[in-house]
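Accompanying notes for the structure given below.
Values in this text are rule-based calculations from the coordinates and carry no lab data. Just so we're clear, the structure is a prediction, and the values are computed from it rather than from any experiment. Here the Cβ positions follow ideal geometry from the backbone for every residue, glycine too, while neighbour counts run over all protein chains shown.
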Amino acid sequence: MPAPSRRFSRRTFLTESTAAAALTAASYSRVYGATERVGVGFIGYGLIGNRHVTDFLKEPDVDPVAAAEVHRGRLAEAVAATGGRAKGEADFRRLLDDKAVHAVVVSTPDHWHVPMALLACAAGKDVYVEKPMSLFVREGRWLADAAKRTGRVVQVGTQQRSGKHYQRARDLIQGGAIGKVVSVRCQSLRNAYPGFGNPPDQDPPADLDWDQWLGPAPARKYNPHRGIYFFRWMWDTAGGQMTNIGAHHFDVADWILGLGTLKAVSSSGGRFALTDNFETPDTQDALFEFDGWTASWMLRECSRGAYAPYPLEFFGTKGSLGITRQGFLVTPDLDTPAVNTIPGVSSGHPAGGPKPIKVVGGPRPRTEAITDQTGSEDEQFRGHVRNFLDCVKSRTAPHSDAESGHRVATLCHLANLSLRLGRKLRWDAKTETVIDDAEANRALVRSYRAPWDRELKAIGVGT
Ligand SMILES: NC(=O)c1ccc[n+]([C@@H]2O[C@H](COP(=O)([O-])OP(=O)(O)OC[C@H]3O[C@@H](n4cnc5c(N)ncnc54)[C@H](O)[C@@H]3O)[C@@H](O)[C@H]2O)c1
């Protein structure tokens, strides 16, 4: 496909950045009237792109200017979903050239997130980019820096931050409702045994521009398991459930506790039982160390186990808070004297052993039990879209900014790296490097396939 005529130059990006940085929030809001319409360009119309078109169109101040897709059938569906208002483009760069597009929504596979977002920032567009924000650690830093330098609004698609019951849970935890938080547990459990089959490499469907789909990822022969939806389980294009589901859970942990003090990551697992041709683990356990607390991740793709209602749970000295997209539960611990928690203490240890303390009326709960079932995915998705549009106008930081997206994706990438290298990684959060591990540090960066390496170098970013 011929490339559009527009070419960004490093100079243009930097000049533009300096100008943008000079604009204050106040001057931006003068530029953008509160009732003004936001021209939106949609890139990628799959499972989530479809949802985003619907949600953005529900906002009264959105003009769907254009949609880009590399699958012809999906492109036609995207245009139809806007009632024919959006121009359909096979090459997303044409959206970036279009002055009527003020903001883009990147709903493509993970390997495209940062390159597209960087090019969009360089073209002066604000960006709503899906999670996980990055494919590898360094590119997340490039985007977080570019967002800051250019003054662009970058919202990452971790919509839980815009959900009211998540906000209530955050306020409760930060207000001390479960005491001092010492640990967070995250999980993703299902039984997909024996897996999704082994389709052979083959010619891409006639409707799909496979080269543009691959973009900056390594050249590979088409396989349905590398393409639409299934890219999630291949290392070239994603990071398995760790970055797919884990990014959501750890985003909430970042928002409530902050992941900035990450010190070490160790992870084990593998593709132990699924017999298909995917690459990412079907079983993974990971442990993360922070200042004063730990977090764990448990992934089971081929064993569901007993029903575990809360895939994300915060443990504090007064109790725990488990949360889903539908609601949360605060479970108080009992204010039992420590000695009474010793096994066998009430039936009696031999002479000289610990003796129980009598508590009149029995131990009381250390905190209030709370059940909240008010959550809805619709509210979270729509709230996140609205928050983005409001920030486009006010030039304020969105709920899920690029720095948070980078912290979260970094943690997920490090867990996968630890699993693949077979060792614990100690992390220097200041320099964003693995301590004393040259091989791990080399894996924090990947190269982009031509011509995307040149496109990105031209705007001053890249390997
Ligand atoms: N926030 C959430 O809750 C949520 C939910 C689902 C997916 N996601 C994220 O959204 C992303 C997309 O996932 P999906 O399930 O929608 O995948 P999908 O495969 O269904 O859709 C992705 C679409 O992007 C298109 N695409 C690929 N390269 C393109 C290019 N160069 N230009 C234009 N379009 C291109 C593909 O053809 C495809 O239609 C993933 O990163 C995923 O993690 C987030």
Past 19 Å, Cα to Cα, is the threshold; run Lys131/Lys393; Lys87/Lys393; Lys58/Lys393 against it and keep the listed order. Lys131/Lys393; Lys87/Lys393
Among the listed pairs Lys99/Lys457; Lys180/Lys430; Lys148/Lys180; Lys99/Lys164; Lys180/Lys358, give every one whose C-alpha distance is greater than 29 Å. Lys148/Lys180; Lys99/Lys164
For the range 321-394, just say rounded, prolate or oblate: build the C-alpha gyration tensor, square-root its eigenvalues into a ≥ b ≥ c, call rounded for a/c under 1.5, and beyond that prolate if a/b exceeds b/c, oblate if not. prolate
List the aspartates and glutamates whose Cα sits under 14 Å from the Cα of Lys221, skipping any in the same chain fewer than 8 residues away. Asp201, Asp203, Asp209, Asp211, Asp236
So, with +1 on the Cβ of K and R and -1 on the Cβ of D and E, and no other charges, what is the size of the charge dipole of the chain about its Cα centre, to the nearest 20 debye? 700 debye
Under-5 Å amide H pairs with Ser320, H placed in peptide plane, nonlocal only: Thr331, Asp333
